[in-house]
Amino acid sequence: MTAILFDPIQLGDYHLKNRIFMAPMTRARTGPAGIPNELVATHYAQRASAGLIISEATAVHPRGDGWPGAPGIYTDEQQAGWSTVADAVHAAGGRIFMQIWHMGRAVISEAIEGQKPLAPSPIPAAGELPNSKGIPTAFDTPEAMSIVQIRETVSAFASAARRAIDAGLDGVEIHAANNFLIDSFLRDGTNQRKDEYGGSLENRSRFLLEVVDAVAAEIGAGKVGVRFSPTNAVFGISDSNPKAIFTYAARQLSKRNLAYLHVLEPALDSGSPMSVGLPTVARALREEYEGLMILNGSLSNETGQSALASNTADAIAFGIPFISNPDLVERFKNNITLTEANPDTFYSGGAEGYVDYAPVEFETA
């Protein structure tokens with residue numbers, strides 16, 4: 001029998017009420033110290049009808065924390081803030097995983113007290129990010145990580161996962177997508193190392209798998225997911241053969257009995273700026289990964305359901321539709337027109353465009 005979006009699903013350690021998940025989206029509401037507050041808790045609680053909420057990317061270490069207003073999970077104060085979020089989501093009947101990241105070469109030096117960003121190789125990212133004054137700033141040439149720095153970063157991911165669970169969240173998603181540190185180890189356009197972390201598929205996957213194994217050992221594999229974006233070219237990242245590296249990595253993850261693999265890959269005809277004309281590899285990953293797979297990327301109610309029907313995925317993560325439709329599940333279920341999001345408020349800070357989108361009011365007899 002074909003699964004539908006509203007069917008329950010077992011995801012790792014958890015039985016979830018539907019297959020409509022909230023994708024991770026940075027929203028820049030946690031201030032310079034990266035501490036979630038009551039506004040953040042309200043935002044996530046409003047969307048607790050999702051089968052699973054995957055939080056915005058959350059830094060595991062100060063050296064990898066460079067997005068203005070994004071949260072962290074490496075201090076006691078940050079952990080306490082996330083406890084408020086977890087309590088609010090659970091009180092509203094939801095489940096939430098924290099996406100954990102290290103931004104790698106996508107950190108500007110000003111954000112890390114003048115230090116160089118870290119990366120597998122000294123290859124700068126393309127583009128820019130705003131500095132503390134909101135001025136667009138080009139990326140610096142990163143420092144190639146030493147073996148000691150790699151080991152310290154693996155430990156930082158495991159420590160962050162423990163803090164997330166101790167804060168009351170249900171699990172973590174390891175961010176191995178979108179040019180950030182783990183993704184840049186995987187791809188040969190950014191990883192030109194000559195040691196055991198570069199060159200072959202096995203070597204380029206080593207850092208990812210060390211992080212996954214350390215996090216799983218700390219909190220249990222059933223509370224751990226991983227996110228890939230095989231064909232995303234954000235910040236100039238690239239690979240000569242995305243299918244080869246990501247199917248290899250998926251095979252290795254498949255042996256680890258994780259909660260899920262989450263793949264961000266818009267279809268070629270989606271119109272998404274993340275679709276760069278490369279052949280999609282989600283289907284190939286589906287064939288290699290034996291566990292639960294989540295698909296994300298400019299999907300609608302209809303195309304999401306089609307992905308389930310074709311066995312391309314087990315659940316669908318929706319991003320922007322959840323920003324402006326906190327009641328997205330009910331809207332899909334009742335075929336109600338979606339409210340359009342205002343992009344000007346995506347990173348603007350404050351309540352506008354964050355907690356003020358109204359759910360539909362249903363008439364009762």
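The table for this structure:
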| read-out | value |
| --- | --- |
| Theoretical FRET efficiency, 1/(1+(r/R0)^6), r = Cβ-Cβ of Ile336 and Gln10, R0 25 Å, to 0.05 | 0.30 |
| Per-residue [θ]222 nm for the chain (sum of -39500 (n - 2.57) over DSSP H runs n ≥ 4, rounded to 500) | -9000 deg cm²/dmol |
| Residue range of the chain that is longest and free of GluC sites (Glu not before Pro) which are both DSSP loop and sparsely packed (at most 13 other C-beta within 10 Å) | 197-339 |
| Viscosity 1.002 mPa s, temperature 20 °C, Stokes-Einstein D of segment 291-365 from Kirkwood C-alpha radius, µm²/s | 155 µm²/s |
| Cβ-based exposure ranking for Lys133, Lys243, in which fewest neighbours within 10 Å come first | Lys133, Lys243 |
| Point-to-point label distance, Asn203-Ile147, nm (Cα→Cβ direction, 7 Å offset) | 1.3 nm |
| Residues of type lysines that Lys223 reaches as a straight line, Cα spacing below 18 Å, ignoring anything fewer than 8 places off in the same chain | Lys17, Lys255 |
| Segment Asp344-Arg256, length gained on full extension (0.36 nm per residue, minus Cα span) | 27.6 nm |
| Which label in (i) 16.2; (ii) 18.8; (iii) 17.2 gives the computed mean projected area of the Cα convex hull in nm² | (iii) |
| Per-residue Cβ neighbour rank within 10 angstrom, fewest leading, Thr345, Thr58 | Thr345, Thr58 |
| Rel. contact order, % - alpha carbon contacts under 8 angstrom, at least six apart, the chain | 17 percent |
| Theoretical FRET efficiency, 1/(1+(r/R0)^6), r = Cβ-Cβ of Glu361 and Ser306, R0 25 Å, to 0.05 | 0.25 |
| Length gained when the stretch Leu39-Arg193 is fully extended (0.36 nm per residue, less Cα-Cα span) | 51.1 nm |
| Of His61, His262, His15, the one that fluctuates the most in a GNM where the chain has Cα springs shorter than 10 Å | His15 |
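Every number in this text was worked out from the coordinates using simple rules, so none of it is lab data. Because the structure is predicted, anything quoted here is derived from the model rather than measured. Cβ atoms come from the backbone with ideal geometry, glycine included; neighbour counts cover every protein chain shown.
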